[in-house]
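> Take a look at this one; I'll ask things after.
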Amino acid sequence: MESFDEAVGSGFDAATARPCRAAARAWALAAIGGAALLIGLAVYLSDRDPARVVLLAGLPIAGGRNGFGAAGQWLPSFVHPFAFALFTVAAMGRDSPWRYRACAAWGAVDVAAEAG
């Protein structure tokens, strides 16, 4: 009588393990980036004056509560390039030699936007 592993196989295929891990890593990076953008959105919805934010001007939200404190002033400026860097690296893949340069480019975009 054959064992269960012999009958159905071990369930592990070394040829497909690496692509599966790479896809899981890409999804994790995208999920972390999406969560970061949701945090940035929460700052806009809770801390910013709705009359001064173009896309929020017509929404009945409780802005101006300062729920994030001092972090609410700089958090969106950090979150946007951080999230887009994660999205870019997730789209490029683990083996791309450009992934560090892409993150540095998003950092440069952030610095340029903050400098004016």
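The values are calculated or read from the model by the stated rules, or taken from the named source; none is laboratory data. The model shown is predicted, which means the values in this text are computed figures rather than measured ones. Because the Cβ atoms are built from the backbone with ideal geometry, glycine has one as well, and the counts that use them run over all protein chains shown.
> What's the number of the condition S77 fails, among (1) within 20 Å of A24 (Cα to Cα); (2) of a type in the set (S, T, Y); (3) not in a loop (DSSP other than H, G, I, E, B)?
That leaves (1) as the condition not met.
> Let me spell it out: the conditions are (1) surrounded by fewer than 10 Cβ atoms within 10 Å (Cβ to Cβ); (2) over 27 Å from A91 (Cα atoms); (3) modelled with pLDDT under 65, and T16 meets all of them except one. Which number is the exception?
All conditions are met except number (2).
> Tell me, which residue of the range 61-116 that is aromatic (F, W, Y), closer than 20 Å to A35 by Cβ and more than 16 Å from the chain's Cα centre (by Cα) is surrounded by the fewest Cβ atoms within 10 Å (Cβ to Cβ)?
Only one residue fits best here, namely W74.
> Moving on. Test G107 against the criterion of being touching a residue at least 12 places away in the same chain (Cβ under 8 Å) and not hydrophobic (A, V, I, L, M, F, W, C), and give yes or no.
yes
> Take R48 and decide whether it is under 19 Å from R25 (Cα atoms) and either part of a loop (DSSP other than H, G, I, E, B) or at pLDDT below 80 (or both).
So R48 fails the test.
> Return the residue satisfying two criteria in turn: it lies in the range 19-39 and is surrounded by 11 or more Cβ atoms within 10 Å (Cβ to Cβ) and at pLDDT below 90, and of such residues it is nearest to A91 (Cα to Cα).
The selected residue is A26.
> Looking at the range 87-102, which of its residues are in a helix (DSSP H, G or I) and within 18 Å of A22 (Cβ to Cβ)?
Correct list: F87, T88, V89, A90, A91, M92, R99, Y100, A102.
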